[in-house]
Amino acid sequence: MLMAIIKKELLQLRRDPRLIGLIVVMPLLLLILFGIALKLEPQNVKMAYYDGDRSFFTNLIKTGLWSDGYFDLYEVASKEEIIEEIRSGHAKAGLYINNEFSALLIDNQQPHITFFVDGTMPSLTTAMKYNSNSATDESVTNDMYFTDAEAENVVIAQDPFIMDTEILFNPDEKETWFFLPGVIGVLIMQIALILTGISVVREREKKTLEQLLVTPMSKTTFVIGKLLPYIIIAVADFYFILAAGWLLFDLPQPVSHLLLFFLALIFVAVMISLGLLISLIARTQQQAMFIAIFIIVPSILLSGFIFPLEAIPDIVRPISYVIPFTYFVEIIRALLIKQTHFQDLITSFVSLTAFALLFVSVSIVKFRQTL
Amino acid sequence: MKMIKAVNITKRFDRLTAVNNVSLQVDKGQIFGLLGPNAAGKTTVIRMLCGIIECDEGEISLNDKNIKKAKTDFGYVAQHFGQYEDLSVRENLQFYAQMYNVTDEQRLQSLLDRYELTKFRDNLAGTLSGGYKRRLALACALAHEPEILFLDEPTAGIDPLTRKLLWDDFYRLSTEGKTLFVTTHYMEEAQRCHQLAFLSAGEKVAEGTPETIKHALNNAIVYSTNIPYLPKLRDALIQMKGMMLVNQFGNELRLVVTSQITQTELESIIHSVTGKPVPLQVSEPNLEDVFIALTQKEIDSPC
């Protein structure tokens, strides 16, 4: 009897070639993708610098930071601009050198430079702090010792300059602040994809679709009618989860409640319409679930939610940018933690809206009024 | 007036031709029965007529309109229960009515009454028995007062009493001027239709009223006699060249043969197998004789 059940299950599996494709091809694709993509070594992290000294010595420091490929340096006009660049997300790190650096260095007065780090992504923060050591590396500092001919020889040479690290936006490096906004997105993504992912395919399996197709409804009516109720439910759910985050984990308030609402609405619309699209493609509820997982897992790993985007190699990076969740993670961190201004988030908002429109229109095209 | 008109419709699924060059016409107020064994293509035909399967070739018009424009002119009851099991009877009816912009509560109530669903109005559709599910499906299909009603095996798996009630209702609808298109494989139901067409392996093999279609076998002759079932006799008869059908009903044996077999030949074979003389009577062909004889190539063993 046991063998009979086992055999029956295997036979049934074999009758669903699409499912077999999903359980064979999906893991292989994801394995290769993650194998290439997942590294904890950020490369070419954008770093805004202000160098008031512009000397041979400060060039040594910048070269030290740049040469290993960790940081991609560009110049801004002031210390305030460095912080603004990081707030807007253009840069993840910053370097400030004031105009007295060489003078103090030559005087052996141990000048200070400031290394700014975006604190909203602790994994990146840690990696950046570690990589910033290349600024104080021996190859940089070797040429910075000035001995006074009359002074006594010191046994242990002190560091010629001191680099202070200043963590911006999440000074305590609270990991809940880092993860929680993204977690809300992950939960909403799951809820939305599963809610609508089965909505059409269930009607197909339960044979109610056939009865619905003879009615005079248009494709657009069907698609919008399927989307709207779930969008409302998922937005409500978003605020429910967020409220729990505020209550339980002391999550900061957003810079703008209106923007947060738009984010919730647009992101939910993207996910609900993507779910509907899955439901239109899948032939069984099982297939729909698999496709949903196939979307959720890379979204979590490649969106910058856990691993910084800077650590994802250039060849895989385009995939990160076709994942809607990437934009959500960026915006929600900006709104809750970095208090970024709207104009710096326009591109991300526009991208998310484009995804929503794309998925809705493809759903309308894809929905066929025949069986 | 022709309410349903299909001209040379054909549907292929991959390599299989499910429906091949079928033409049908149904007059207003008629009950039209499409008969055929399982897999003959009945459901494909009805789905094409309702526009939920596109035909590969041919033309269909309903009430003189293209199907897409005729969506409010017809109602459809699918073979499988297609209403929402997790909605109540009333919610289902309201939903289907609203899909056609019908909000007349009085009309919906009269439908509930007509199909004796009032006492179940707040029950979930999934909890109804098979017979009541069928009534609900019918009520939903009629919510918008369509001119044409398509019913795919409306009485399959339904007890004889409910079946009779449903048929009484079909007649009532027909006298109200509605056109009904019914698929079935029950002979007693075929008998009740005004017009019939037989479908076999996707092709129309006969058409007419229940009376005229009985003569669709052309020169075939039907013999009957009273004799209990004998496997040996059946095997011997079935091997005869010109034997179209060997059909046993309890103690009645019915034989449909072409004119190349004579009554004497048959009687002598029966005599030689049973060891006693059995006289045969010439009978009128009935619908089942015609149906099985015309479609049996597709069913492996007759009777």
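The values are calculated or read from the model by the stated rules, or taken from the named source; none is laboratory data. A quick note: this is a predicted structure, and the numbers were derived from the prediction, not measured. Because the Cβ atoms are built from the backbone with ideal geometry, glycine has one as well, and the counts that use them run over all protein chains shown.
Things worth noting here:
- No other residue among A:Ala192, A:Ala243 is touching a helix residue (DSSP H, G or I) at 6+ places or on another chain (Cβ under 8 Å) and either away from chain B (no Cβ under 14 Å) or at pLDDT 90 or above (or both) apart from A:Ala192.
- The one condition in (1) under 23 Å from A:Pro216 (Cα atoms); (2) free of Cβ contacts under 8 Å to residues at least 40 places away in the same chain; (3) charged (D, E, K, R); (4) in a loop (DSSP other than H, G, I, E, B) that B:Arg135 fails to fulfil: (4)
- Within region B:138-148, considering residues that are within 17 Å of A:Pro216 (Cα to Cα) and among the hydrophobic types (A, V, I, L, M, F, W, C), the one farthest from the other protein chains (Cβ to nearest Cβ): B:Leu142
- Test: residue in region B:265-280 that is modelled with pLDDT under 85 and part of a loop (DSSP other than H, G, I, E, B): no
- Of all residues in region B:140-199, those satisfying the criterion of being aliphatic (A, V, I, L, M) and outside any strand (DSSP E or B) are B:Ala141, B:Leu142, B:Ala143, B:Ala156, B:Ile158, B:Leu161, B:Leu165, B:Leu166, B:Leu173, B:Met187, B:Ala190.
Yes or no, residue by residue, for (1) within 22 Å of the chain's Cα centre (by Cα); (2) of a type in the set (Asp, Glu); (3) on the phi > 0 side of the Ramachandran plot:
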position: A:Ser67; (1), (2), (3): no, no, no
position: A:Glu75; (1), (2), (3): no, yes, no
position: A:Lys79; (1), (2), (3): no, no, no
position: A:Ser102; (1), (2), (3): no, no, no
position: A:Gln110; (1), (2), (3): no, no, yes
position: A:Phe116; (1), (2), (3): yes, no, no
position: A:Leu124; (1), (2), (3): yes, no, no
position: A:Ala127; (1), (2), (3): yes, no, no
position: A:Ser134; (1), (2), (3): no, no, no
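- Listed here are the strands (runs of 3 or more DSSP E) enclosed by region A:49-126 that have at least 1 residues being among the charged types (D, E, K, R): A:71-75, A:112-118.
- Checked against (1) surrounded by 19 or more Cβ atoms within 10 Å (Cβ to Cβ); (2) among the aromatic types (Phe, Trp, Tyr); (3) within 20 Å of A:Pro181 (Cβ to Cβ), A:Phe349 meets all criteria but (1).
- Of the criteria (1) within 14 Å of another protein chain (Cβ to nearest Cβ); (2) free of Cβ contacts under 8 Å to residues at least 40 places away in the same chain; (3) touching an Asp or Glu at 6+ places or on another chain (Cβ under 9 Å), which one B:Ala125 fails: (2)
- Picking from residues in region B:281-302 that are acidic (Asp, Glu) and at pLDDT 85 or above, the one that is surrounded by the most Cβ atoms within 10 Å (Cβ to Cβ) is B:Asp289.
- Residue match in region B:173-181 (condition: surrounded by 22 or more Cβ atoms within 10 Å (Cβ to Cβ) and in contact with a Lys or Arg (Cβ under 9 Å, 6 or more places away or on another chain)): yes
Yes or no, residue by residue, for (1) farther than 25 Å from B:Pro210 by Cα; (2) at pLDDT below 95; (3) outside the structural domain of B:Met187 (by TED's automatic domain parsing):
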{"residue": "B:Val7", "(1), (2), (3)": "no, no, no"}
{"residue": "B:Asp14", "(1), (2), (3)": "yes, yes, no"}
{"residue": "B:Gly36", "(1), (2), (3)": "no, yes, no"}
{"residue": "B:Lys69", "(1), (2), (3)": "yes, yes, no"}
{"residue": "B:Val77", "(1), (2), (3)": "no, no, no"}
{"residue": "B:Arg90", "(1), (2), (3)": "yes, no, no"}
{"residue": "B:Asp104", "(1), (2), (3)": "yes, yes, no"}
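- Taken as a whole, the structure places A:Val214 among residues that are in contact with a strand residue (DSSP E or B) (Cβ under 9 Å, 6 or more places away or on another chain) and either more than 19 Å from A:Thr196 (Cα to Cα) or not assigned by TED's automatic domain parsing to the domain that holds A:Gly69 (or both).
- Filtered residue count, region A:196-225, keeping only those that are at the interface with chain B (Cβ under 9 Å from one of its Cβ atoms), touching a residue at least 12 places away in the same chain (Cβ under 8 Å) and surrounded by 19 or more Cβ atoms within 10 Å (Cβ to Cβ): 2
- Residues of region B:225-253 that are in a helix (DSSP H, G or I) and within 17 Å of B:Gln263 (Cβ to Cβ): B:Leu233, B:Ala236, B:Leu237.
- Scanning region B:191-209 for residues that are within 20 Å of B:Arg172 (Cα to Cα) and either free of Cβ contacts under 8 Å to residues at least 12 places away in the same chain or touching an Asp or Glu at 6+ places or on another chain (Cβ under 9 Å) (or both) yields B:His194, B:Gln195, B:Leu196.
- Where a residue in region A:69-87 is farther than 16 Å from A:Ile167 by Cβ and its partner, wherever it lies, is part of a helix (DSSP H, G or I) and β-branched (Val, Ile, Thr), with Cβ under 6 Å and at least six apart: A:Val76/A:Ile82
- Exactly one residue among B:Leu34, B:Leu16, B:Leu24, B:Leu87 is aliphatic (A, V, I, L, M) and farther than 27 Å from B:Phe291 by Cβ, and that residue is B:Leu87.
- Residue match in region A:293-306 (condition: of a type in the set (S, T, N, Q), under 27 Å from A:Gly69 (Cα atoms) and surrounded by 22 or more Cβ atoms within 10 Å (Cβ to Cβ)): yes
- Qualifying residue in region B:139-156 (condition: under 19 Å from B:Gly33 (Cα atoms), among the polar types (S, T, N, Q) and surrounded by fewer than 18 Cβ atoms within 10 Å (Cβ to Cβ)): no
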